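The values are calculated or read from the model by the stated rules, or taken from the named source; none is laboratory data. From a predicted model like this one, the values you see are computed outputs, not experimental measurements. Every residue, glycine as well, gets a Cβ built from its backbone with ideal geometry; the counts of neighbours run over all protein chains shown. We work out accessible area using only protein heavy atoms, side chains counted, and drop any ligands, DNA or RNA first. Shrake-Rupley method; radii C 1.70, N 1.55, O 1.52, S 1.80 Å.
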Amino acid sequence: MQRLFILGAGASKAGGIPALKELSGYIAEKPGVARFMRELFAVNSQLAHGAFLPRLDDIYSVVDYALFQDHRLGSFTQEDLRTLRRELNLSICRLFAKDTAKADYAGSVDIYRRFARELNMGQDAVLTLNWDTALDYVLECEKGWALNYGFTGTIQHGFPLVKLHGSVNWAWCEACTQLNVTGYDFKDWEKMNCQTCGETKLSPLLVGPTVLPRHKDTPLENCWLAAIKLIIQAERLYFIGLSLDAIDLGVFEMIKRGLLLNKKKPELFVLGHGFQATPKRKELLANGTVKRYIQLFGVDIGFYMQGFQGTIPGDVEFTRLRS
Ligand SMILES: [Zn+2]
């Protein structure tokens, strides 16, 4: 494997899939979630939109923390909190599905169609933190590639598309602990029963933005095993639209762990946004994302900060700051 592409929210956002900070407004439409926001965050009707809503990571984090500590939050019992988290996840599945009315799925497909042209079976692999399925759809339905999500912890065939935070088309059966992959529409989700045991109530396998992410003892654990193997084997690593916020600590730690074990010492490239034309060295150094990557990985990185529209620039188009 030569190139590993690690995609963050900025990669899908480029195609119109909403970013995290825009999501609270959508999910507030569910009655259970709305009640939670009123009770926990004092969300009132006048300012119940946009910047005044609690952030999705605050909501997930407080729910997960209370569950972890066996707490009750006001009128929300442990069972209510588990139901609420399933409801949050299901609304994300609905919002990001191909038949969504609210997100620009087609716009995202356009960008990933260009990206898919860059990819080579047997040479490249993708790790993503995104839940959406626009890239899956292009690779599977348009390119005709078999996808390998890494559910067995290792990847021997198919195209490696490892989704560290789960996917809106993954339905987990808590009864027999099998993972079912649904179609790309939300209506596929709604009629999905477990293919192993027939259970009708399946749960989305999503890791919300939370300070207490849980991969252990879920089918995602194997995806993380597959992911670190990809990092250990990579010769070139491309970070695309990945901000590496503190909440992604687990991802950062895994990337570091993999890089420390990678004997090929892969070249690092960052694709981000912030500039229309090639920035000067001084301008690049003032960019928040550039600073963050230098803080975490040192200066030996190629930067392309003119936005991601699906294509991967050639090596000469990346700016290197090492002098
Ligand atoms: Zn089952």
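Against the definition (surrounded by 14 or more Cβ atoms within 10 Å (Cβ to Cβ) and outside any helix (DSSP H, G or I)), how does VAL62 come out, yes or no? Outline the logic, then answer.
Working: surrounded by 14 or more Cβ atoms within 10 Å (Cβ to Cβ): yes; outside any helix (DSSP H, G or I): no.
When the stated conditions are applied, VAL62 does not pass them.
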Notebook entry, point to check: Which one of these does GLN123 not meet: (1) touching a residue at least 12 places away in the same chain (Cβ under 8 Å); (2) in contact with a Leu (Cβ under 9 Å, 6 or more places away or on another chain); (3) farther than 21 Å from LEU88 by Cβ; (4) away from the ligand (no atom under 16 Å from the Cβ)?
Noted result: (2)
Check: With respect to the numbered conditions (1) assigned to a loop (DSSP other than H, G, I, E, B); (2) within 20 Å of the chain's Cα centre (by Cα), which one is the sole condition not fulfilled by GLY144?
Finding: (2)
Check: So which residues in segment 170-214 are part of a strand (DSSP E or B) and among the polar types (S, T, N, Q), if there are any at all?
Finding: ASN180, SER203
Next item on the list: Confirm whether CYS173 is within 16 Å of the ligand (Cβ to nearest atom), surrounded by 17 or more Cβ atoms within 10 Å (Cβ to Cβ) and outside the structural domain of ILE59 (by TED's automatic domain parsing).
Entry: yes
Next item on the list: Would you mind finding the one in VAL168, VAL211 that is hydrophobic (A, V, I, L, M, F, W, C) and either open to solvent by less than 60 Å² (accessible area, probe 1.4 Å) or within 16 Å of the ligand (Cβ to nearest atom) (or both)?
Entry: VAL168
Notebook entry, point to check: Which one of the conditions (1) in contact with an Asp or Glu (Cβ under 6 Å, 6 or more places away or on another chain); (2) among the hydroxyl-bearing types (Ser, Thr, Tyr); (3) modelled with pLDDT under 90 does THR182 fail to meet, given that it meets all the rest?
Noted result: (3)
Next item on the list: Go over the candidates THR154, THR218 one by one and state the one that is touching a strand residue (DSSP E or B) at 6+ places or on another chain (Cβ under 9 Å), at pLDDT below 95 and in the same structural domain as THR128 (by TED's automatic domain parsing).
Entry: THR218
Check: Are any of the residues in segment 76-96 assigned to a strand (DSSP E or B) and surrounded by 14 or more Cβ atoms within 10 Å (Cβ to Cβ)?
Finding: yes
Next item on the list: Could you grab me the full set of residues in segment 242-275 that are open to solvent by less than 20 Å² (accessible area, probe 1.4 Å) and at positive phi?
Entry: LEU244
Notebook entry, point to check: Tell me, which residue of segment 1-37 that is open to solvent by less than 30 Å² (accessible area, probe 1.4 Å) and hydroxyl-bearing (Ser, Thr, Tyr) is nearest to ILE59 (Cα to Cα)?
Noted result: SER24
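Suppose the filter is away from the ligand (no atom under 11 Å from the Cβ), more than 27 Å from HIS157 (Cα to Cα) and open to solvent by 60 Å² or more (accessible area, probe 1.4 Å); does LYS229 pass it?
Details: away from the ligand (no atom under 11 Å from the Cβ): yes; more than 27 Å from HIS157 (Cα to Cα): no; open to solvent by 60 Å² or more (accessible area, probe 1.4 Å): yes.
In short, no.
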Next item on the list: Being of a type in the set (Asp, Glu) and touching a helix residue (DSSP H, G or I) at 6+ places or on another chain (Cβ under 6 Å) is the filter here, so list the residues in segment 58-100 that pass it.
Entry: GLU87, ASP99
Notebook entry, point to check: Considering segment 272-323 alone, what residues qualify as being under 26 Å from ASP110 (Cβ atoms) and aromatic (Phe, Trp, Tyr)?
Noted result: PHE275, PHE303, TYR304, PHE308, PHE318
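Quick one: in segment 194-203, of everything that is under 21 Å from ARG85 (Cα atoms) and open to solvent by less than 70 Å² (accessible area, probe 1.4 Å), which residue is farthest from the ligand (Cβ to nearest atom)? Steps first, please.
Here is the first cut: in segment 194-203, the residues under 21 Å from ARG85 (Cα atoms) are 194, 199-203.
With the extra rule that they be open to solvent by less than 70 Å² (accessible area, probe 1.4 Å), the set shrinks to 194, 199, 202-203.
Details: CYS194: 3, GLU199: 4, LEU202: 8, SER203: 11 Å.
Across segment 194-203, the extreme among qualifying residues is SER203.
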Next item on the list: Just give me the residues in segment 111-156 being open to solvent by 70 Å² or more (accessible area, probe 1.4 Å) and among the charged types (D, E, K, R), in sequence order.
Entry: ARG113, ARG114, ARG117, GLU140, GLU142, LYS143
Note to self: Could you go through segment 130-142 and let me know if any residue there is at positive phi and at pLDDT 95 or above.
What the structure shows: no
Notebook entry, point to check: Looking only at segment 180-193, which residues are over 18 Å from the mean Cα position of the chain (by Cα), within 15 Å of the ligand (Cβ to nearest atom) and open to solvent by 20 Å² or more (accessible area, probe 1.4 Å)?
Noted result: MET192, ASN193
